[in-house]
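What follows is a single structure, written as structure tokens, with notes after it.
The values are calculated or read from the model by the stated rules, or taken from the named source; none is laboratory data. Keep in mind the model is a prediction, meaning the values are calculated, not measured. Cβ: placed from backbone, ideal geometry, glycine included. Neighbour counts: every protein chain shown. Ligands, DNA and RNA are stripped out before the accessible areas are found, and what is left, the full protein with its side chains, is counted by its heavy atoms. Shrake-Rupley method; radii C 1.70, N 1.55, O 1.52, S 1.80 Å.
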Amino acid sequence: WNGNLSIQNYDQAWSMVHFLVHAEDGRYRKAFNGFMTLVGSGRGAAKAWEQSFGDSAGFEKKWRDYWMKLPENPASDVYDRATVATIASFWGRAIVRKQDIKDFGAFRQGAASKKLEIPVTDEDWLPPSLLAEALKVAAGSGAITFEAVEKQAPRVIMQREDGCRAIATIDIKMGKLKGVTATFDDSPRALAEAKRLQLLEQRDKASAILKDALKRNPDSPIATEIRAMIALPKPAK
């Protein structure tokens with residue numbers, strides 16, 4: 001396989017990894033971690049697979065079924081989260097360096113004029129190409145806003161057309177950038193799916209989806225709507 005590294009082989013491997021990490025609510029994730037650990041320690045792939053997963057019968061059918069049911073851009077959530085994290089990393093450095101950048105428009109101007117570039121010798125240096133790529137992706141993904149509220153951590157928020165949001169929170173302490181945490185609020189997608197399931201009279205599934213979304217995104221702008229939908233009484237039989 002390595003001797004014939006074509007785009008088809010790459011896509012096949014990527015899709016299998018996506019399946020093992022995300023399919024059936026992460027059911028195969030632990031086994032996949034074990035498999036990778038064994039391979040990394042020198043165990044042959046076939047033996048590592050058998051030890052981690054057991055019999056591989058039925059794997060191809062499950063993988064194909066999963067892949068065919070995915071949306072057109074199954075990794076877009078991850079890319080958008082990485083994009084806001086990158087933008088937040090550069091904005092955080094600008095804040096620490098006391099550069100006057102309060103909104104995304106000023107940030108883009110700073111990037112264009114190379115105002116955001118940091119000397120390579122600086123411990124906070126990041127490659128300018130990383131920022132250029134993030135801005136390119138952001139232009140086609142959603143609207144970016146900078147949120148700087150007094151006594152709260154600065155945030156970069158990407159609002160997508162489907163209502164979902166990628167959010168990066170900047171941690172600054174004692175005038176130093178400590179890190180950036182990126183999350184993804186898919187509550188609007190969960191709400192739409194729950195409404196579809198309710199129309200199909202699958203209320204228990206709808207409620208489970210809403211509760212999971214609320215647990216992951218308690219501060220979502222539509223959290224109140226989700227709570228209200230969960231609290232709706234069951235229809236009389």
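The residue pairs whose first member lies in the range 158-187 and is on the phi > 0 side of the Ramachandran plot, whose second member is open to solvent by 30 Å² or more (accessible area, probe 1.4 Å) and β-branched (V, I, T), and whose beta carbons are closer than 8 Å, counting only pairs six or more residues apart or on different chains, are G163/I222; G175/V96. Among the residues here, Y28 qualifies as over 30 Å from I144 (Cβ atoms) and either without any contact (Cβ under 8 Å) to a residue 40 or more places away in the chain or open to solvent by 30 Å² or more (accessible area, probe 1.4 Å) (or both). Of all residues in the range 90-121, exactly one satisfies the criterion of being modelled with pLDDT under 90, out of contact with any Pro (no Cβ under 9 Å at 6 or more places or on another chain) and of a type in the set (D, E), namely D100. Taking the residues in the range 140-151 that are modelled with pLDDT of 90 or more and open to solvent by 50 Å² or more (accessible area, probe 1.4 Å) as candidates, determine which candidate is nearest to D80 (Cα to Cα). So, considering only residues that are modelled with pLDDT of 90 or more and open to solvent by 50 Å² or more (accessible area, probe 1.4 Å), the one nearest to D80 (Cα to Cα) is A143. For the condition part of a loop (DSSP other than H, G, I, E, B) and open to solvent by 60 Å² or more (accessible area, probe 1.4 Å), K178 does not qualify. State whether one or more residues within the range 71-86 are aliphatic (A, V, I, L, M), modelled with pLDDT of 90 or more and open to solvent by less than 30 Å² (accessible area, probe 1.4 Å). Yes: the range 71-86 contains one or more residues that are aliphatic (A, V, I, L, M), modelled with pLDDT of 90 or more and open to solvent by less than 30 Å² (accessible area, probe 1.4 Å).
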